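Structure first, then comments.
We did not get these values from a lab; they are worked out from the coordinates using the rules stated. Being a predicted model, the structure only gives us computed values, none of them experimental. Cβ atoms come from the backbone with ideal geometry, glycine included; neighbour counts cover every protein chain shown.
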Amino acid sequence: MFARGETIVQYVEKLAPKHYAVPDDRIGLQVGSVRKEVKRVLVALDVNAEVAEEAAALGAELIVAHHAPIYRPLKHLQTDTPSGALMASLLRHDIAVYVAHTNLDTADGGMNDWMAEALGLEGRGVLEEVHTDKLFKLVVFVPQEHAEAVRAALFGAGAGWIGNYSDCSFNVEGTGTFLPREGAEPFIGKPGKRESVAEVRIETVVPDSVRKAVVRAMLKAHPYEEVAYDLYPMDLKGRTFGLGRVGALPEPESLDEFAERVKQALQVPFVRVVGRGDRPIRKVAVLGGSGSRYIGHARFAGADVLVTGDIDYHTAQDAEAMGLAIVDPGHNAEKIMKPKLAEWLQLRLREQGYETEVIASRIDTEPFRLK
């Protein structure tokens, strides 16, 4: 059994929900249709002519990419231009392209966490907040003998987290009353007769990001035909998601030693470095892609160095003046997402019994070389 494209997209959006993206980012389905069976998925950093050819040769019906092939508005679709020829190739081979960009950067366990893990950073936090989960209090009334099953369903769907504590709830025993009317099919009692039942009031915290899933799980586990429950918005902040990560090295090392660490960990042929080579480095900020405008965020977070791509001359001077070192591995360092996302997606599909194969692109889309 092969997964349909819509199912694969749902898994990607479970890791990287669309609302995690920064405003006006070009994400989502850009080319073709996902309303079809998919035997092979190609995970790519960029979508260019070579990647399209690779997908066609593999028989992939879907490309999941990090960078959008349609980023600037298309004024025409002339097939004798590079962009037009690319679109024509994708459509000719019926290859859909789905993009997860800043939502994958922001996601917990996504791009910036993969880069931070590769660098060995500990005690990681967010560099710039993009999204904070709203919190709700869910209250549901359950017959005593079914309370544990409903609690397990709530916790399994993501409810009950307070900081680093899971399965948090408050439970009060009491008596529930109801009178089933004509046409009702009550789990307990008979129509026309008022019933009194020993029940448990279960209270738990629910993040907005999993609210619908939690309610569905609760309703499925609850024995009643009509479930009595309430959802109250809370004036408390939930988990914060954002761009970049800030963490610490296990032990301090010199900037030159750290630059070599970056080169090896992110598998890039060279890095550009701003700062004295013997400068001690302990606290590190990392942001995949183009991070020129985040040097102030990194300095404010107390980072000794910022690892990011596309640093220009004047930004490098500004960073040096404010005492922030920089290691620039280039934008293409984000290629770390290819094997990571392919592995994550393949595991989820296998868990559900799908035979769909997920392949990391082998095409190197780095446009620069040293001479």
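Which angle from 0 to 90°, rounded to the nearest 10, does the C-alpha axis of helix 255-265 make with the longest principal axis of the chain? Roughly 70 degrees between the two axes. Amide H to amide H distances under 5 Å link Asp304 with Arg282, Lys283, Val284, Ala285, where only residues 5 or more positions off or on other chains count and H is placed in the peptide plane.
Residue by residue, the stretch 25-34 carries 3J(HN,Hα) couplings of 6, 8, 10, x, 6, 10, 9, x, 10, 9 Hz when phi is fed to the Karplus relation 6.51 cos²θ - 1.76 cosθ + 1.60 (θ = phi - 60°); x denotes Gly or Pro. The GluC sites (Glu not before Pro) of the stretch 98-188 that DSSP puts in a loop, and whose beta carbon has at most 13 other beta carbons within 10 Å, are Glu182. Within the listed set Gly174, Gly156, Gly192, the residue fluctuating most in the Gaussian network model of the chain (springs between alpha-carbon atoms under 10 angstrom) is Gly192. Close amide H pairs (under 5 Å, H built 1.01 Å from N) link Ala360 with Val43, residues at least 5 positions away or on another chain.
Contact order for the chain, expressed relative to its length and based on alpha carbon pairs under 8 Å spaced 6+ residues apart, stands at 20 percent.
Simple spin-label estimate for Thr177 and Glu320 gives 8.1 nm between the two label positions (7 Å along the Cα-to-Cβ direction from each Cα).
Look at the Cα gyration tensor of the stretch 250-313: its axes a ≥ b ≥ c give a/c of at least 1.5 with a/b at or below b/c, and that counts as oblate.
Normalised by 2.2 N^0.38 Å, with N the number of residues, the alpha-carbon radius of gyration of the chain equals 1.21.
Roughly speaking, what % of Cα-Cα pairs in the stretch 251-371 are separated by over 16 Å, rounded to a whole number? Roughly 64 percent, rounded to a whole number. Put simply, the amide H of Lys39, placed in the peptide plane, has neighbours under 5 Å in Glu61, leaving out anything fewer than 5 places away on its chain. A simple count of charges around Ser254, restricted to other residues whose Cβ falls under 12 Å of its Cβ and scoring Lys, Arg +1 and Asp, Glu -1, yields -3.
Placing a label point 7 Å from the Cα of His146 along the Cα-to-Cβ direction, the residues of the stretch 226-262 whose backbone N falls under 14 Å from that point are 226-229. Give the lysines reachable from Lys190 as a straight Cα distance under 29 Å; neighbours fewer than 8 places away on the same chain don't count. Reachable lysines: Lys220. Largest first, the three principal axis extents of the alpha carbons in the stretch 11-66 are 35, 24, 18 Å in whole numbers. Between Ala65, Ala333, Ala321, the GNM of the chain built on Cα springs shorter than 10 angstrom shows Ala321 fluctuating the most. Taken over the stretch 132-240, the percentage of Cα pairs per 5 Å bin, counting from 0 up to the bin with the maximum distance, is 2, 13, 22, 22, 16, 11, 7, 4, 2, 0. Treating r as the C-beta distance of Glu257 and Asp364 and R0 as 22 Å, the FRET efficiency rounds to 0.25. Can you give the angle from 0 to 90° between the axis of helix 82-92 and the longest principal axis of the chain, with both taken from C-alpha atoms, to the nearest 10? With both axes taken from Cα atoms, the answer is about 40 degrees.
Sorting Met115, Met234, Met218 from the fewest to the most surrounding beta carbons within 10 angstrom yields Met234, Met218, Met115. For the stretch 57-149, the ratio of Cα radius of gyration to the globular rule of thumb 2.2 N^0.38 Å stands at 1.79. The 3J(HN,Hα) values that the Karplus relation (6.51, -1.76, 1.60; θ = phi - 60°) gives for the stretch 157-169 are, in residue order, 8, x, 7, x, 9, 10, x, 8, 10, 10, 6, 8, 7 Hz. Gly and Pro appear as x. Can you list the trypsin sites (Lys or Arg not before Pro) in the stretch 1-83 that are in a DSSP coil and have 16 or fewer other beta carbons within 10 angstrom? Those satisfying the criteria are Arg26, Arg35, Lys36, Lys39, Lys75. The distance separating the Cα centre of the stretch 114-155 from that of the stretch 163-225 comes to 21 Å. Taking a ≥ b ≥ c as the square roots of the eigenvalues of the Cα gyration tensor of the stretch 185-255, is the shape rounded (a/c under 1.5), prolate (a/b larger than b/c) or oblate? Prolate shape, in that a/c is at least 1.5 and a/b is the bigger ratio.
If you build a Gaussian network model of the chain, linking Cα atoms that sit under 10 Å apart, which residue out of Tyr354, Tyr224, Tyr98 swings the most? Checking each option, the largest mean-square fluctuation is seen for Tyr224. Taking every DSSP helix (H) stretch of at least 4 residues in the chain, weighting each as -39,500 (n - 2.57) and dividing the sum by the residue count yields a mean residue ellipticity at 222 nm of -8500 deg cm²/dmol. Modelled label positions at Arg293 and Arg194, each set 7 Å beyond Cα in the direction of Cβ, lie 6.3 nm from each other. Taking the Cα centre of each part, how many Å lie between the stretch 11-56 and the stretch 232-294? Using only Cα atoms, the two centres lie 27 Å from each other.
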